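Read-outs: derived from the displayed coordinates by stated rules, not from any lab. Just so you know, these numbers come straight off a predicted model, no measurement behind them. For neighbour counting, all protein chains shown are included, and Cβ atoms are generated from backbone atoms with ideal geometry for every residue, glycine included.
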Amino acid sequence: MNSAARDKPLIQYPTVYTFKVLGKQEHAFREYVRQIFKRTLGTEVPLDSIAERPSRLGKYLSVSVSVYLLSEDQRRAIYEQLHKEKRVLYYL
């Protein structure tokens, strides 16, 4: 593989990117996740950009958030913030 191919980013920006966030289904977790994205990106996240799926037994909630990203820095900032949040158990 030549250096040009190796240095090419895997994600082309701007792009719509979907994050998946898992937490316990309690205390309005969906809105909690939405507010994390709002704080990090500095803009409102439309409700139709968010989908949720409860676990089979209903203890956990998976929240998918699709947002428009301008750069890799924005994507990394969201992942860094998700890592800090105690209510977030797992994220992709």
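Overview of results
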| read-out | value |
| --- | --- |
| Furthest towards positive pole of dipole, VAL21, ILE78, THR40, structure part the chain, Cβ charges | VAL21 |
| Relative contact order of the chain, defined on C-alpha pairs under 8 angstrom at six or more residues apart (%) | 41 |
| In order through the range 61-66: 3J(HN,Hα) via Karplus (6.51 cos²θ - 1.76 cosθ + 1.60), integer Hz, x for Gly, Pro | 9, 9, 10, 9, 10, 9 |
| ³J(HN,Hα) computed for each position of the range 35-47 - Karplus, 6.51 cos²θ - 1.76 cosθ + 1.60, integer Hz, glycine/proline x | 5, 4, 5, 4, 5, 6, 8, x, 8, 5, 9, x, 4 |
| Of every Cα-Cα pair in the range 16-91, the percent that sits beyond 14 Å | 57 |
| Helix-only [θ]222 nm of the chain, DSSP H runs n ≥ 4, -39500 (n - 2.57) each, per residue, nearest 500 | -10000 deg cm²/dmol |
| Dipole magnitude of the range 16-91 about its Cα centre (Cβ charges: Lys, Arg +1; Asp, Glu -1), debye to nearest 20 | 340 |
